[in-house]
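Undergrad: The structure follows.
The values are calculated or read from the model by the stated rules, or taken from the named source; none is laboratory data. Because the structure is a prediction, the values reported are computed rather than measured. Here the Cβ is made from the backbone with ideal geometry for all residues, glycine too, and neighbour counts use every protein chain on show.
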Amino acid sequence: MPSTSSFAPPHRILIVGGGAGGLELATRLGDSLGRKGRAAITLVDRARTHLWKPLLHEVAAGSINIHADQLDYLAQARWHHFTFALGSLAGLDRARKVLKVAAVIDDEGAEILPARELPYDTLVLAIGSQCNDFGTPGVAEHAFKLDNAWEANLFHRRLVNACFKANFAADGRIINIAIVGAGATGVELAAELHNTTRVLAAYGLTDFDPEKQIRIRIVEAGPRILAGLPDYLAEATLDVLQSLQVDVLVNERVVGVDSTNIRTASEQIIPAEFTVWAAGIRCGDVLANLDGLESTRINQLVVLPTLQTTRDADIFALGDCAACEWKDGRNVPPRAQSAHQMASHIADAIHRRIKGRGLLPFHYRDFGSLVSLGNYESVGTLMGFVSRGSIRVEGFVAKLFYISLYKLHLWALHGFWRMALDTLARMIRRQTEPKVKLH
């Protein structure tokens with residue numbers, strides 16, 4: 001009589017959030033476990049495409065084309081042996097080990113996909129963060145937040161339209177842009193806008209003078225720009241911004257926003273036809289008490305040193321939505337390099353879980369900070385390269401390291417040769433395209 005053998009079903013891994021960390025994790029696990037049928041990996045995201053979040057300020061400024069730099073989740077899933085599920089996180093049932101996904105609705109209100117449940121053996125939450133408006137009146141109605149590619153692109157389109165109108169009117173009207181928050185996103189956006197509005201005017205806007213008609217202001221509640229980064233970085237960046245005639249206001253907390261102005265706690269009224277809110281971070285409200293998981297006041301999930309949530313060993317969190325203790329009472333900072341390192345750690349942890357081995361603690365390595373001010377300057381500090389000290393880098397070297405961060409992300413998603421070919425193709429394509437997105 002022939003013998004029969006039974007096979008255990010593949011381990012079900014559910015990853016929610018296709019940002020830098022989530023997509024890298026799905027890709028790595030798909031290549032290592034999904035390819036061999038040892039696990040069934042599913043990536044869930046509310047968008048259909050991925051764009052590296054540190055590029056959003058360049059989308060808003062028009063420095064890059066949103067359509068050329070996005071990655072389709074369905075294509076990545078096919079190439080790397082995982083499944084993509086469209087939808088946003090709606091809830092969790094830990095007892096039944098199922099994730100609740102909200103219905104997908106199109107722009108006209110029609111239902112594309114119904115609400116559904118997805119089972120898991122291991123769940124990884126990587127839904128990132130969004131700007132924190134602190135409940136400031138008028139922000140939701142009148143300010144842009146660079147939380148996703150669509151809103152960044154919408155800001156750019158409306159700014160281009162305003163420039164066209166000003167050129168047609170030929171009346172010298174001023175376009176006031178206020179950026180609330182002087183973190184890396186805010187200062188990088190200001191410099192990019194200074195450059196791209198001038199390039200835009202060169203494409204036939206003969207009656208529009210950006211030097212006189214574009215006014216950019218950064219409004220910061222704290223005492224200086226780039227809080228948390230070294231003083232010399234802040235000072236060097238401030239010097240560049242001042243040379244570009246970008247007004248920087250510090251110790252000014254915004255308390256109200258409307259369609260033409262922002263108002264500060266000191267009762268200043270600052271003209272702003274365009275307001276970009278780039279202050280603070282906060283995770284989605286869906287993470288607050290997500291079926292009993294421990295969370296912080298900004299809705300980050302509290303995790304153990306292994307990156308497992310404190311109340312459920314089958315659930316991990318990574319990236320901006322994870323509150324992971326680091327040193328001196330601080331948590332791991334919400335940066336792309338953090339998400340990349342966490343993704344690598346969780347990939348190894350899941351391999352260990354499947355083999356029945358114990359998990360290791362996560363150790364974050366801070367490789368420094370880089371700030372790119374468009375074509376004008378790049379400054380930063382690289383850590384851990386010489387003993388345990390840091391190196392100050394500026395100019396071309398800093399710009400090279402800044403670009404390399406994105407290339408490393410593409411390498412993790414596509415492998416070295418495809419990343420290299422993609423880079424070459426972009427260099428060639430840029431020779432036949434406008435230097436700024438014109439629509």
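Undergrad: Can you find a residue in region 351-368 that is over 22 Å from residue 27 (Cβ atoms) and either touching a Gly at 6+ places or on another chain (Cβ under 7 Å) or surrounded by 20 or more Cβ atoms within 10 Å (Cβ to Cβ) (or both)? It would help to see each step written out before you state the result.
TA: To start, the set of residues in region 351-368 that are over 22 Å from residue 27 (Cβ atoms) comprises 356-358, 361, 363, 366, 368.
Narrowing the set further to residues that are either touching a Gly at 6+ places or on another chain (Cβ under 7 Å) or surrounded by 20 or more Cβ atoms within 10 Å (Cβ to Cβ) (or both) leaves 368.
Yes, the conditions are met somewhere in region 351-368.
Undergrad: Does region 101-117 include one or more residues that are surrounded by fewer than 16 Cβ atoms within 10 Å (Cβ to Cβ), in the same structural domain as residue 343 (by TED's automatic domain parsing), in contact (Cβ under 8 Å) with a residue 60 or more places away in the chain and at negative phi? Quick ask: steps written out before the conclusion?
TA: Here is the first cut: in region 101-117, the residues surrounded by fewer than 16 Cβ atoms within 10 Å (Cβ to Cβ) are 103, 105-117.
So of that shortlist, the ones also in the same structural domain as residue 343 (by TED's automatic domain parsing) come out as 103, 105-117.
Those still in the list that are in contact (Cβ under 8 Å) with a residue 60 or more places away in the chain too: none.
Within region 101-117, not a single residue is surrounded by fewer than 16 Cβ atoms within 10 Å (Cβ to Cβ), in the same structural domain as residue 343 (by TED's automatic domain parsing), in contact (Cβ under 8 Å) with a residue 60 or more places away in the chain and at negative phi.
Undergrad: Pick from 359, 438: which is at pLDDT 95 or above and either under 28 Å from residue 303 (Cβ atoms) or not β-branched (Val, Ile, Thr) (or both)? Even if it seems obvious, please write down each step before you answer.
TA: Numbers: 438 fails: at pLDDT 95 or above.
Result: 359 is the single residue among 359, 438 that is at pLDDT 95 or above and either under 28 Å from residue 303 (Cβ atoms) or not β-branched (Val, Ile, Thr) (or both).
Undergrad: Right, another one. Please go through region 202-223 and pick out each residue that is over 20 Å from residue 57 (Cβ atoms) and buried (at least 16 other Cβ atoms within 10 Å of the Cβ). So that I can check it myself, show each step before the final result.
TA: Filtering region 202-223 down to residues over 20 Å from residue 57 (Cβ atoms) leaves 202-209, 211-213, 223.
Correct list: 205, 208, 213.
Undergrad: Please go through region 129-161 and give me each residue that is at pLDDT 95 or above and of a type in the set (Gly, Ala, Ser), ordered by number.
TA: Hits for region 129-161 are 138, 143.
Undergrad: Sticking with this one: In region 55-74, how many residues are at pLDDT below 95 and in a helix (DSSP H, G or I)? Before the answer, list the steps.
TA: Going through region 55-74, the residues at pLDDT below 95 turn out to be 55-71.
When the remaining residues are screened for being in a helix (DSSP H, G or I), the result is 55-61, 66-69.
So the count comes out to 11.
Undergrad: Any chance you could count how many residues in region 113-131 are closer than 18 Å to residue 19 by Cα and of a type in the set (Ser, Thr, Tyr)?
TA: In the first step, residues of region 113-131 are kept if they are closer than 18 Å to residue 19 by Cα; the result is 123-131.
With the extra rule that they be of a type in the set (Ser, Thr, Tyr), the set shrinks to 129.
Residues in region 113-131 being closer than 18 Å to residue 19 by Cα and of a type in the set (Ser, Thr, Tyr): 1 in total.
Undergrad: Taking region 316-350 only, how many residues are hydrophobic (A, V, I, L, M, F, W, C), more than 12 Å from residue 25 (Cβ to Cβ) and part of a loop (DSSP other than H, G, I, E, B)? Lay out the reasoning, then the answer.
TA: Taking region 316-350 first, the residues hydrophobic (A, V, I, L, M, F, W, C) are 316-318, 321-324, 326, 332, 336, 339, 342-343, 346-347, 349-350.
Next, only the ones that are more than 12 Å from residue 25 (Cβ to Cβ) stay: 321-324, 326, 332, 336.
Then keep just the ones that are part of a loop (DSSP other than H, G, I, E, B); that gives 324, 332.
Qualifying residue count, region 316-350: 2.
Undergrad: Also: Restricted to region 409-433, and to residues that are exposed (fewer than 12 other Cβ atoms within 10 Å of the Cβ) and in a loop (DSSP other than H, G, I, E, B), which residue is modelled with the lowest pLDDT?
TA: 432
Undergrad: Name the pairs: first residue in region 128-143 and among the acidic types (Asp, Glu), second residue in a strand (DSSP E or B) and crowded, with 19+ Cβ neighbours inside 10 Å, Cβ to Cβ under 7 Å, at least 6 apart or on different chains?
TA: Short answer, once both residue conditions are applied: 133/277.
Undergrad: Related question: Name the single residue, out of those in region 75-89 being within 19 Å of the chain's Cα centre (by Cα) and not in a strand (DSSP E or B), that is surrounded by the fewest Cβ atoms within 10 Å (Cβ to Cβ).
TA: 88
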